[in-house]
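Undergrad: The structure under discussion is supplied below as structure tokens; questions concerning it will follow.
Please treat every number below as a calculation from the coordinates, not as lab data. Because the structure is predicted, anything quoted here is derived from the model rather than measured. Positions of Cβ are backbone-derived with ideal geometry, glycine not excepted, and every protein chain shown enters the neighbour counts.
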């Protein structure tokens, strides 16, 4: 089923990772000398997109979101997960206050947000889920676009596809260990998440450990079919560390499959070091001039 409104000449790709704040990336991705408050800025000069994973665990405060906006270039984009207080704890029911807090917190990133992600737990099946979504859609902030990830196979039918399309909600293509979403398009953008399982521990997130090539090639083929169809505007791809072991590495492998250039984080590191050295030299020169002026 394809419910799209306009034919587009080109597909805009946003390929990145789910989260950026991982200590196990120090060395493989971040320089050992890079302080963690600089990680997002560094990341945003390697990739042009990131999925905010931390918002799932707790609604971020507005000042934090403002800092995310300031630390990233104007063309950098985000997606952000709905807090689990909405999707998992309250299961989409009686969540007006939680929605208001989340939308207010995300306001500083309004112009940089591609979509807000509604990740449903596997125990919410289509009958209950659609009933609650019908109540929820009228409460969604129209400044943002929305994508939904379902994790129970009961959703994979025309009833839900039509509902998502009619409400301009993107059905997320999810690749988990036990579940794979059918590549159905319900909006003028698609959202693919490489999730995997929880077999890889967080301390080992700095290298590719599981071969997912064949699986990823199938998803690349699905995206190329959509691209050739010409009716989708954007493709968002988020690589989780749990999928193969190292989100940036997974993102680069998939970029190659799509015919995109690889992200070059070591080059960015060198450029940043050169900039820091120039800035340090400028500051030192200013200090020397200030001292000499004092004694004139």
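Undergrad: Per residue of the chain, what 222 nm ellipticity follows from adding -39500 (n - 2.57) for every DSSP H run with n ≥ 4, rounded to the nearest 500?
TA: After summing the helix terms and dividing by the residues of the chain, the value is -11500 deg cm²/dmol.
Undergrad: Let me know the whole percent of all Cα-Cα pairs from the range 1-101 that are separated by more than 23 Å.
TA: Value for the range 1-101 (Cα pairs over 23 Å): 43 percent.
Undergrad: If I model a spin label as a point 7 Å beyond the Cα along the Cα-Cβ vector, how far apart are those points for residue 207 and residue 58 in nm?
TA: 3.3
Undergrad: Could you tell me, in Å, what Rg and Dmax come out for the Cα atoms of the range 12-263?
TA: Every Cα atom of the range 12-263 included, Rg and Dmax give 17.4, 52 Å.
Undergrad: Using the Kirkwood formula on the Cα atoms of the range 159-261, what hydrodynamic radius do you get, in angstrom to one decimal?
TA: 14.3
Undergrad: For residue 138 and residue 84, compute 0.36 nm times the residue count separating them, minus their Cα-Cα distance, and round to one decimal in nm.
TA: Answer, rounded to one decimal: 17.5 nm.
Undergrad: Now for a separate question. Kirkwood Rh, the range 47-196, all Cα pairs: how many Å?
TA: 15.7
Undergrad: Please tell me the relative contact order of the chain in percent, rounded to the nearest whole number, where contacts are Cα pairs under 8 Å and at least six residues apart.
TA: Across the chain, relative contact order equals 23 percent.
Undergrad: What is the angle, in °, between the Cα long axis of helix 265-294 and the longest principal axis of the Cα atoms in the chain? Nearest 10 is fine, range 0 to 90.
TA: 40
Undergrad: Kirkwood Rh, the range 79-164, all Cα pairs: how many Å?
TA: Its Kirkwood hydrodynamic radius stands at 13.3 Å.
Undergrad: Let me ask something else about it. How much FRET efficiency would the formula 1/(1 + (r/R0)^6) give for residue 97 and residue 256, where r is the Cβ-Cβ distance and R0 is 30 Å, rounded to 0.05?
TA: Using R0 = 30 Å, I get an efficiency of 0.10.
Undergrad: Residue 266 to residue 197: extension gain in nm, 0.36 nm per residue of separation minus the Cα-Cα distance?
TA: Residue separation times 0.36 nm, minus the Cα-Cα distance, leaves 22.0 nm.
Undergrad: Compute the helix-to-body angle for 213-229: its Cα long axis versus the longest principal axis of the chain, expressed 0 to 90° and rounded to tens.
TA: Relative to the chain, helix 213-229 is tipped by roughly 80 degrees.
Undergrad: Right, something else. Give the angle, between 0 and 90 degrees and rounded to the nearest 10, that separates the Cα long axis of helix 96-106 from the longest principal axis of the Cα atoms of the chain.
TA: 40
Undergrad: Can you put 160, 21 in order of Cβ neighbours within 10 angstrom, beginning with the fewest?
TA: Least crowded to most crowded, the residues run 21, 160.
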